[in-house]
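Okay, structure first, notes after.
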Amino acid sequence: NCVFSFSLFSCVAFCRGRVVRVPKGPLIRVMGTEVVIPCSVSDYDGPSEQNFDWEFSRDTDFVRIVSTWDPTFTSEEYQKRVGHGDIKLRRSSNDAVELVIRNIQPTDQGRYKCSTPSTDATVQGNYDAEVQVTVISDGLSVSGSKARSSTSLRLSEGDSFKLRCSAVTTSPEHTHLHVTWQIKSGSTWRDILSLTHEGKFQPGPGYEEHYRNGDIRLDTGANDTYRLSVSQASSVDAGAYRCLVSEWVRGTDSSWQKIQEKNVEIASVAIQRTVLDVVISTSNVSVTERDSLDLTCNITTDRSGIFQAEVMWYFSVSPDDTLSDAQVLLSMDRDSVVSDSTLISLSHVDRNSYRLLVRDVDVEDSGYYFCQAAVWVPLHNGSWHKVVERTSAPVSVMVTALEPDYEVFLNASKTPKFSDDPTELNCRITNAQDTEANIRFTVSWYYRQHLYGDDVVTEELLATMDADWTLLLGDRSRERTQNGEIIFSKKAVDTFSLRIQWTSESDRGDYFCVISAWSRHRNNTWVKSKDVTSASVSIFWATQDYTLTVEAVKLKPFFVAGHTFEMTCKVSSKNIKTPRYSVLITAEKPLTDQSNPNGTTRIISLNQDSVVRLEDWTDQTRVDGVVLEKVQENEFRYRMYQTQISDAGLYRCVVTAWSPGGGGMWREAVNGLSNPIQIDFQTSG
């Protein structure tokens, strides 16, 4: 062996030869059981997969048992057992195997040697290892009830039961027993509670809390008995029960070894679920505001003997809400103690009926009411256990509000005769009655486009107010309201106003308002109680239609690739006041052009303020290859330099006419499309 060490950063390297390992003996095993002896090798040269030979000796000479590499290795006395598979090798990795002996007998007691043929460059280390195996007689006995091998129990939810098994060993060695109670519901056995060979209690997975609460216990008694006690039995406790006992011995290295295991089925337990029906005697209910709501919850159960009921009433705004989302109204515990409330009471009418009374109901009491009941039974230790809980179907309750009475009148105090004239509408509340201090009014404004014939257009919300008079804008009016073009105001207690500073043609149509009445409730919240809609007012004036003509002209009738393409677009319009024009150049490419499968490409544009913008022009080598300029007020010129075959297509001018609107803004008037100008290199070239 050699060792290298460094003092600054510790680095130690060990040089050593092959090491063969087996468990430290003696290995104590029980007659008739299966024995597994592992053997591994490390620190070797050669191939990663190593071979192993096993031999056995009762006295001094070793007899060959089995080999991983030599089929002729087995001696005559072991050939039959090896051939039948009673003795075999099981490889667990490239450098480890297990010797498996089924039904071990006293004649198998002795020394077992594991050897590894050398694959090393030099002989170094150990090439075999031995372990002593001691075979003892089977002294473990496990049994259940003396009356019969297995018992059937039928119990009710909440009942308690006890099961017993007996386990004793007469082993000549100093062994310890490990006792586990198991349950099978389905095809799998699960651990409930164990008393380990080290004298510790160990609950199975999922039974930890039951063990801490004392719901499951394991006690030892006279005559080597082990008693399982189960309290508060539920449906999960139904199934087959067995007692699983294993025998353990401590090795010379102080580690524990399990030498055998036995089990016996003790009982089959069936748990009968408690039936509980919970029903509210009334179906859907309608109550007027300020009246009382009276509901009764009826419960029935098949439970006999001593039990107590617990009842709880819930309220929810939706029939699909879970109990965690619902609001608890009142509860009565199993001792008939009722939780406190001012406007709500809960009374025990008879053994099976519980009455809920809600006085002075409000609109916010509309919703769904349901009742939850639970049955509790007493336990042997004086405590109570809940065996079943059920919830009724929800009952719908509608509280009808005491509505105020009023009318709504809409008129136009200013109507436009021309575009950009102002419009002002007044929405007024008239003939109001029963509008006490707990009522307030808000307004919503709507617009409906003017259409001819049977076409139907839904109204668009311009603005609405919520209960605290906060103004909420619709999409149609949001930007213009923020710019001050549309003004919403409250001119008087009974009058709301809508003013459009500069009315455009797109504002023509029908307008109407909706006045909402809001009622204040017990918790000082406001709830809408009524909507009244006005008749509509039409805003309209006659206009002459805008006209726009665009003519495109190619300045050079013939040219070839590489030359400059040039075209002009001349614009003429009618009935547009002091127009300005924005121009967009488009190209329709042949269908064979895969760069633009949609057919039309937007190349370059010039807006009404003469700002030029490249649109979908993506040729990075010709970023400055296209130019669009304004020649005159109504004439525009487009140039494309260094034309290529890929530029072939139909080119057009798309022109939009703009007229000045209110507040210094430009308003779109009309659009026009020029005739196409064709670039075709095949015909022109």
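The values are calculated or read from the model by the stated rules, or taken from the named source; none is laboratory data. Given the structure is predicted, the values throughout are model-derived calculations rather than measurements. Cβ placement follows ideal geometry from the backbone for every residue including glycine, while neighbour counts extend to all protein chains displayed. Just so you know, the surface numbers come from the protein's heavy atoms only, side chains and all, with ligands and any DNA or RNA stripped out. Shrake-Rupley method; radii C 1.70, N 1.55, O 1.52, S 1.80 Å.
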For residues in region 361-384 being of a type in the set (S, T, N, Q) and assigned to a loop (DSSP other than H, G, I, E, B), which is modelled with the lowest pLDDT?
N381
Please indicate, with yes or no, whether at least one residue in region 472-490 is within 30 Å of S366 (Cβ to Cβ), modelled with pLDDT of 90 or more and small (G, A, S).
yes
So for region 422-429 (the condition being open to solvent by 70 Å² or more (accessible area, probe 1.4 Å) and either modelled with pLDDT under 90 or assigned by the TED database to the domain that holds V527 (or both)), does at least one residue qualify?
yes
Of all residues in region 626-665, which are among the charged types (D, E, K, R) and not in a strand (DSSP E or B)?
E633, D647
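Matching residues to (1) outside the structural domain of D237 (by the TED database); (2) surrounded by fewer than 15 Cβ atoms within 10 Å (Cβ to Cβ); (3) in contact with a Phe, Trp or Tyr (Cβ under 8 Å, 6 or more places away or on another chain):
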position: R91; (1), (2), (3): yes, yes, no
position: D95; (1), (2), (3): yes, no, yes
position: Q109; (1), (2), (3): yes, no, no
position: S152; (1), (2), (3): no, yes, no
position: F161; (1), (2), (3): no, no, no
position: R164; (1), (2), (3): no, no, yes
position: S171; (1), (2), (3): no, no, no
position: H174; (1), (2), (3): no, yes, no
position: I183; (1), (2), (3): no, no, yes
Give the residue that is farthest from V654 (Cα to Cα), with candidates limited to residues of region 531-555 that are among the hydrophobic types (A, V, I, L, M, F, W, C) and assigned to a loop (DSSP other than H, G, I, E, B).
A535
What is the number of the single condition among (1) under 30 Å from S538 (Cα atoms); (2) in contact with a Ser or Thr (Cβ under 8 Å, 6 or more places away or on another chain) that N411 does not meet?
(2)
Of the numbered conditions (1) hydroxyl-bearing (S, T, Y); (2) over 29 Å from E34 (Cα atoms); (3) open to solvent by less than 60 Å² (accessible area, probe 1.4 Å), T220 fails exactly one; give the number of that condition.
(3)
Condition test on R359, is it closer than 18 Å to I280 by Cα, open to solvent by 60 Å² or more (accessible area, probe 1.4 Å) and of a type outside the set (A, V, I, L, M)?
no
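Results for (1) in a loop (DSSP other than H, G, I, E, B); (2) closer than 30 Å to T400 by Cα; (3) touching a residue at least 12 places away in the same chain (Cβ under 8 Å); (4) more than 45 Å from the chain's Cα centre (by Cα), shown as yes or no for each residue.
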position	(1), (2), (3), (4)
L472	no, yes, no, no
D475	yes, no, yes, no
F496	no, yes, yes, yes
A517	no, yes, yes, no
Report, ordered by the first and then the second residue, all pairs with beta carbons closer than 6 Å, sequence separation of six or more or different chains, a first member in region 102-119 that is free of Cβ contacts under 8 Å to residues at least 40 places away in the same chain and of a type in the set (A, V, I, L, M), and a second member that is open to solvent by 60 Å² or more (accessible area, probe 1.4 Å) and not in a helix (DSSP H, G or I).
none
Look at S324 and say whether it is assigned by the TED database to the domain that holds G204, surrounded by fewer than 16 Cβ atoms within 10 Å (Cβ to Cβ) and among the small types (G, A, S).
no
Name the one entry in F62, F73 that is surrounded by 12 or more Cβ atoms within 10 Å (Cβ to Cβ), out of contact with any helix residue (DSSP H, G or I) (no Cβ under 7 Å at 6 or more places or on another chain) and under 27 Å from Q257 (Cβ atoms).
F62
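The rows are residues; the columns are (1) in contact (Cβ under 8 Å) with a residue 24 or more places away in the chain; (2) outside the structural domain of S659 (by the TED database); (3) open to solvent by less than 20 Å² (accessible area, probe 1.4 Å); (4) under 23 Å from D475 (Cα atoms).
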residue: C371; (1), (2), (3), (4): yes, yes, yes, no
residue: V375; (1), (2), (3), (4): yes, yes, yes, no
residue: T391; (1), (2), (3), (4): yes, yes, no, no
residue: K417; (1), (2), (3), (4): yes, yes, no, no
residue: V457; (1), (2), (3), (4): no, yes, no, yes
Any chance E633 is surrounded by fewer than 16 Cβ atoms within 10 Å (Cβ to Cβ) and either more than 30 Å from Q544 (Cβ to Cβ) or under 51 Å from the mean Cα position of the chain (by Cα) (or both):
no
Criterion first (under 54 Å from the mean Cα position of the chain (by Cα) and either closer than 27 Å to H176 by Cβ or at pLDDT below 85 (or both)) does S92 satisfy it?
no
Do any strands (runs of 3 or more DSSP E) entirely within region 96-197 hold 1 or more residues that are over 30 Å from S231 (Cβ atoms) and in contact with a strand residue (DSSP E or B) (Cβ under 6 Å, 6 or more places away or on another chain), and if so, which?
96-101, 110-115, 128-136, 140-143, 161-169, 175-184
Check whether at least one residue in region 50-57 is open to solvent by 40 Å² or more (accessible area, probe 1.4 Å) and of a type in the set (D, E, K, R), and report yes or no.
no
Among the residues in region 464-480, are any in contact with a Phe, Trp or Tyr (Cβ under 9 Å, 6 or more places away or on another chain), over 23 Å from P422 (Cβ atoms) and hydrophobic (A, V, I, L, M, F, W, C)?
yes
Condition met for K528 (touching a residue at least 24 places away in the same chain (Cβ under 8 Å), under 30 Å from L343 (Cβ atoms), in the same structural domain as H450 (by the TED database) and part of a strand (DSSP E or B)):
yes
Of everything in region 28-84, what is over 24 Å from R18 (Cβ atoms) and touching a residue at least 60 places away in the same chain (Cβ under 8 Å)? Give them in sequence order.
I28, R29, V30, M31, G32, T33, E34, V35
